[in-house]
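**Student:** This is the structure I have questions about; it appears just below.
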Amino acid sequence: MNLKGKVALVTGGGSGIGTAIAERFVADGAKICITGRRKEMLEKVAESLPSGSVVICQGDVSKEEDAKRMVETTVKFGGKLDVLVNNAAINHPAPVTELDLEIWQQVLGVNLTGPYLLIKAVIPHMLKAGEGSIINIASLGGMRCLPGMPAYCTSKAGLIMLTQQVALDYGRNNIRCNVICPGGVKTDMTKKDFGQFGEMLGIDPDTFIEQIALEIPLHRFAASAEMGGLCTYLASDESSFMTGAVLTIDGGTAVVDAVGASITAALRRAGLVD
């Protein structure tokens, strides 16, 4: 899976899955632009990669002017843009009745409107080149509900549909669009989100995450680096006949209800349910 000669834009590249994808793309021969809201984190990632392989662009994907600037920065750096990875995402767990409208709009803005804006800005360059690969990072939460995460799950479900719509509308132009749905991945955001459930149940956050992992068929969460190989495949010519695909990479979580089972078990231990 060679990416030599490819130029990619990776949003949310300053941490977690985005950093892992950026590192893998560079290792496989690509030149990349990484984006995010925190410049210091982007600079730290860039400094860890070979000189001349990466450029950074600070900005907010939910703002159209920033999205356009990210694309322009990538094209200026690499001379073209072959691959877009929409990875940037946020989450604010809260049930609907406790979720402020401003927070709802913020989550959908980053997780769904952001990818739309980047796709809109990048497609003209791909049309000019006669090809391109768009990779959206959704979530298993876009395929099934997670307790107390209506904004996150709705945004990721929308991203799956946006992926398939783009695949349909631009397939004839040799522009491919696929979506990856990770399950539990060991990132700061995952620890924060699931840790909140643990706290509500009176369980140490790390212990609660370990309990969830035991319900996953592979009995563990993924490392961020384990997302890189699948992204390289979708970015490479090896996946040239793949578009509109919804790919789970979740340790088998989709065949069980790991989060629900862990919460139910904790409630039973606490005597709150039969």
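**Student:** When you check residue 162 against the structure, is it in a helix (DSSP H, G or I), surrounded by fewer than 24 Cβ atoms within 10 Å (Cβ to Cβ), touching a Pro at 6+ places or on another chain (Cβ under 7 Å) and modelled with pLDDT of 95 or more, yes or no?
**Tutor:** yes
**Student:** Only residues that are over 14 Å from residue 213 (Cβ atoms), among the charged types (D, E, K, R) and out of contact with any Pro (no Cβ under 8 Å at 6 or more places or on another chain): list them for the stretch 179-197, please.
**Tutor:** Answer for the stretch 179-197, where residues must be over 14 Å from residue 213 (Cβ atoms), among the charged types (D, E, K, R) and out of contact with any Pro (no Cβ under 8 Å at 6 or more places or on another chain): 188, 192.
**Student:** Considering the stretch 232-264 alone, what residues qualify as being within 20 Å of residue 190 (Cα to Cα), assigned to a loop (DSSP other than H, G, I, E, B), modelled with pLDDT of 90 or more and not acidic (Asp, Glu)?
**Tutor:** If the condition is that a residue be within 20 Å of residue 190 (Cα to Cα), assigned to a loop (DSSP other than H, G, I, E, B), modelled with pLDDT of 90 or more and not acidic (Asp, Glu), then 251, 252 are the ones that fit.
**Student:** Going through the stretch 1-26 one residue at a time, which ones are surrounded by fewer than 24 Cβ atoms within 10 Å (Cβ to Cβ), farther than 16 Å from residue 234 by Cβ and touching a Leu at 6+ places or on another chain (Cβ under 6 Å)?
**Tutor:** Selection gives 26 alone.
**Student:** Something else: Out of 36, 29, I need the residue that is surrounded by 19 or more Cβ atoms within 10 Å (Cβ to Cβ) and either touching a residue at least 12 places away in the same chain (Cβ under 8 Å) or more than 21 Å from residue 108 (Cβ to Cβ) (or both). Which one?
**Tutor:** Working: 29 fails: surrounded by 19 or more Cβ atoms within 10 Å (Cβ to Cβ).
Checking each option against the conditions leaves just 36.
**Student:** Quick check on my filter: what residues within the stretch 102-159 are basic (Lys, Arg) and surrounded by fewer than 24 Cβ atoms within 10 Å (Cβ to Cβ)?
**Tutor:** Across the stretch 102-159, the qualifying residues are 120, 128, 144.
**Student:** Name every residue in the stretch 100-135 that is outside any helix (DSSP H, G or I) and within 29 Å of residue 198 (Cβ to Cβ), in order of residue number. Show your work before the answer.
**Tutor:** Going through the stretch 100-135, the residues outside any helix (DSSP H, G or I) turn out to be 100, 130-135.
100 - this is the single residue of the stretch 100-135 that is outside any helix (DSSP H, G or I) and within 29 Å of residue 198 (Cβ to Cβ).
**Student:** Consider only pairs whose beta carbons are under 9 Å apart and that are at least six residues apart or on different chains; among these, list those whose first residue lies in the stretch 209-227 and is β-branched (Val, Ile, Thr) and whose second residue is crowded, with 19+ Cβ neighbours inside 10 Å and not in a helix (DSSP H, G or I).
**Tutor:** Hits for this filter: 209/184; 209/221; 212/184; 212/221; 216/183; 216/184; 216/250; 216/251.
**Student:** Only residues in the stretch 236-255 that are closer than 21 Å to residue 224 by Cβ count as the first member; pair them with residues that are in a loop (DSSP other than H, G, I, E, B) and not hydrophobic (A, V, I, L, M, F, W, C), Cβ under 6 angstrom, at least 6 apart or cross-chain, and list the lot.
**Tutor:** Filtered contacts from the stretch 236-255: 250/183; 251/183; 252/217; 253/183.
**Student:** Something else about it: So which residues in the stretch 40-71 are in a strand (DSSP E or B) and under 16 Å from residue 121 (Cβ atoms)?
**Tutor:** 57
**Student:** Ok, one more. Is it the case that the stretch 140-156 has a residue that's in a helix (DSSP H, G or I), over 17 Å from the mean Cα position of the chain (by Cα) and among the basic types (Lys, Arg)?
**Tutor:** No, the stretch 140-156 contains no residue that is in a helix (DSSP H, G or I), over 17 Å from the mean Cα position of the chain (by Cα) and among the basic types (Lys, Arg).
**Student:** Could you check the stretch 54-90 and list, in sequence order, the residues that are small (Gly, Ala, Ser) and surrounded by fewer than 16 Cβ atoms within 10 Å (Cβ to Cβ)?
**Tutor:** Residue satisfying the conditions is 79 alone.
**Student:** Suppose the filter is over 18 Å from residue 229 (Cα atoms), in contact with an Asp or Glu (Cβ under 9 Å, 6 or more places away or on another chain) and not polar (S, T, N, Q); does residue 5 pass it? First the steps, then the outcome.
**Tutor:** Numbers: over 18 Å from residue 229 (Cα atoms): no; in contact with an Asp or Glu (Cβ under 9 Å, 6 or more places away or on another chain): yes; not polar (S, T, N, Q): yes.
So residue 5 fails the test.
**Student:** How many residues are assigned to a helix (DSSP H, G or I), more than 13 Å from residue 115 (Cα to Cα) and touching a residue at least 40 places away in the same chain (Cβ under 8 Å) if we restrict to the stretch 165-179?
**Tutor:** Of the residues in that region, 5 qualify.
The values are calculated or read from the model by the stated rules, or taken from the named source; none is laboratory data. Quick caveat, the model's predicted, so the values are computed rather than measured. Cβ atoms come from the backbone with ideal geometry, glycine included; neighbour counts cover every protein chain shown.
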